[in-house]
Structures are given as C-alpha cells and as structure tokens.
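Only one structure is covered here, and it is reproduced in the block below.
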Amino acid sequence: MLDRLPGSFAGTQVDGRLRADAAGKLIIDAEIRRVFDYFLASIGEEPLETSVARLRRYIEAQLPTPAANYAIQLLSQYLDYKRQLLLLEQQHMQQADIDAMRDRLRAVRQLRAGIFDDSVHQAFFALDEAADRFTLERLAIRHDPSLDASAKGAALDSLRNSLPAELQDVLVLQMQVQLREQTRALAARGGNPTDLRQLRQQLVGNAAAARLEKLDDKRRAWQDRLTAYRQEKLRIERSPGLGQADK
C-alpha cells in the first residue's frame, strides 16, 4: 500500500508506529497520532477519501483485530477533531492580544477533551499543550509592566523549570535563536551591556543570562590575551636591537 503514496512521499518512511499489547489491545501513545499525520499529509495531493482508505488498510495490516478496530475509531475521532479545529480557528483568529490567545488555547483544549477520552487526549496533545502554555506565559511575563528585567528573569526561570523534559531542548533552542536575533538588533541600535543583560533576562531567564555573562567574560579575557600576544610579537619582530635568533 505504501508504494501507492503520492510522489512527495518518495524516500520517506512511516513516522510513528502502531502497537498492541499481549491481549491484542491498542497501546495508546503519541506514536498513533504521528502515524495518522504521516498518512494524512497526502491530503491536497489526492482526495481525502483516498488518504483515509490507505491509512485504514495500513492500520488493519499492522494490528490485530481488537486494536485495529479501536485505532480506526480513533482515526474517525481525529478526523472529526481536524474538521472542528478548522471551524474553531475561524472563530478565534490569531491575535497578538494575550487574553485572546488564552481564549483560543482554552477552546482548543476543550475541543480535544470533548472528542477524545482523557488517556488519548494526554497521549496525543499533552506536549503540544505544555509548549503552548510555555510560549504564552513567557510572552505574558515579558510584557508584564509590573515586573522589572530581574523579576521577569526569575519568573522565566521558574516557568522553564516546569517544562516536561521532552520539551526542554526544543524550546530552549527556540529561545536561543530568538535571543541571537534580538541581540544582533540590539547591537545595531547601539545597546550597552546593561541593555544586553536585561534582554537576556527577559528572553532566557536570570540563570541563563548569568551563564552567558560568564561566557562573555571568558571570551573577553581570551581576546585580551590574544591581543597582548600579537602586540608583543609585533614589538619583538620590529625590535632593531635583537638578532633573528634572539627574536
């Protein structure tokens, strides 16, 4: 069945896997959603019915009957979720207002909870929802006028420590990319060391800002040593009172 996938799937493998336990029951985990999304990515290149039919055949080939039946039921729920999500997105257009963003995320969570049972909801969306909460609360901290840079950094440290381990690396990398971009913009505006410290506190937290300052100090110390070495080397090379061997 996989050899009939659209051309854009060439060279790819199915993302995720479907598993059953010893009793033939479906093991609920995030892998199921990854399988669904892999096959449903063909939508747009072919009719929805074709994509869904292929996915159903794959499910039936991978799982014993009890697990396959439940996986197909989950697929039906997932498709219903996708349809309702499109309608929800139209009602909650993306806005920069934090309260509006909270309302949208709350509505999405309620939609998921209304379609899937708790175990499926958590397996499919727990990490997504944790990442969304982190992003939203981080934005709220940064734009809170009642907090100075140090307080924002402390709040961000606490928020960052609450992240699931699975999200730490991904979200921290995103924070670092954003920090690099804004650091370049700050330098272009002529920002001073205090401005840089405050920017770091607000974007990556106090702990990371302190580590970056220590790294800056080490780099400056190394650069100073390198500059001193080059100056002394040049002085020696230009010294008229020294022979070549002495130099």
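The values are calculated or read from the model by the stated rules, or taken from the named source; none is laboratory data. All values reported here derive from a predicted model rather than from experimental measurement. Using ideal geometry, Cβ is built from the backbone for each residue, glycine included, and neighbour counts are taken over all protein chains shown. In case anyone asks, the SASA skips ligands and DNA or RNA and just uses the protein heavy atoms, side chains included. Shrake-Rupley method; radii C 1.70, N 1.55, O 1.52, S 1.80 Å.
Points to keep in mind about this one:
- Peptide ranges 218-228, 157-167, 74-84 listed from the most packed, as the mean C-beta count within 10 angstrom indicates: 74-84, 157-167, 218-228
- Legend: calculated FRET efficiency, E49 to L234, from the Cβ-Cβ distance at R0 = 51 Å, rounded to 0.05, equals 0.10.
- Degrees separating the helix 165-188 axis from the principal Cα axis of the chain, which is the longest one: 40 degrees
- Protein accessible area in the stretch 35-84, 1.4 Å probe - carbon and sulfur %: 51 percent
- Put the Cα centre of the stretch 111-181 next to the Cα centre of the stretch 2-80 and the gap is 29 Å.
- Efficiency of FRET from Cβ geometry, R19 and A113, R₀ 22 Å, rounded to 0.05: 0.35
- Test item: Cα-centred dipole of the stretch 28-158, Lys/Arg +1 and Asp/Glu -1 on Cβ, debye: 140 debye
- Size of electric dipole in the stretch 84-222: Cβ of Lys, Arg +1 and of Asp, Glu -1, about Cα centre, debye, nearest 20: 700 debye
- The stretch 172-247 - charge dipole about Cα centre, Lys and Arg +1 at Cβ, Asp and Glu -1, debye rounded to 20: 80 debye
- Answer label for log10 I(q)/I(0) by the Debye sum over Cα atoms at q = 0.08, 0.13, 0.16, 0.18 Å⁻¹ (calculated), chosen among (1) -0.38, -0.97, -1.33, -1.48; (2) -0.32, -0.80, -1.13, -1.34; (3) -0.54, -0.97, -1.18, -1.31: (3)
- Crossing angle, helix 65-91 versus the chain [Cα axis fit, 0-90 degrees, rounded to tens]: 60 degrees
- Positive-end residue of Q168, Q122, G191, charge dipole of the stretch 51-199 with Cβ unit charges: G191
- Since only Y38, F134, G16 are under comparison, the one whose Cα sits farthest along the positive direction of the charge dipole of the chain, derived from C-beta charges on Lys, Arg, Asp and Glu, is F134.
- Between D224 and L86, the modelled labels are 6.3 nm apart [label points 7 Å from Cα along Cα→Cβ].
- When the helices of the chain are scored as -39500 (n - 2.57) per DSSP H run of n ≥ 4 and the total is divided over every residue, the value at 222 nm lands at -25000 deg cm²/dmol.
- Q244/D217 FRET efficiency (R0 41 Å; Cβ-Cβ; nearest 0.05): 0.60
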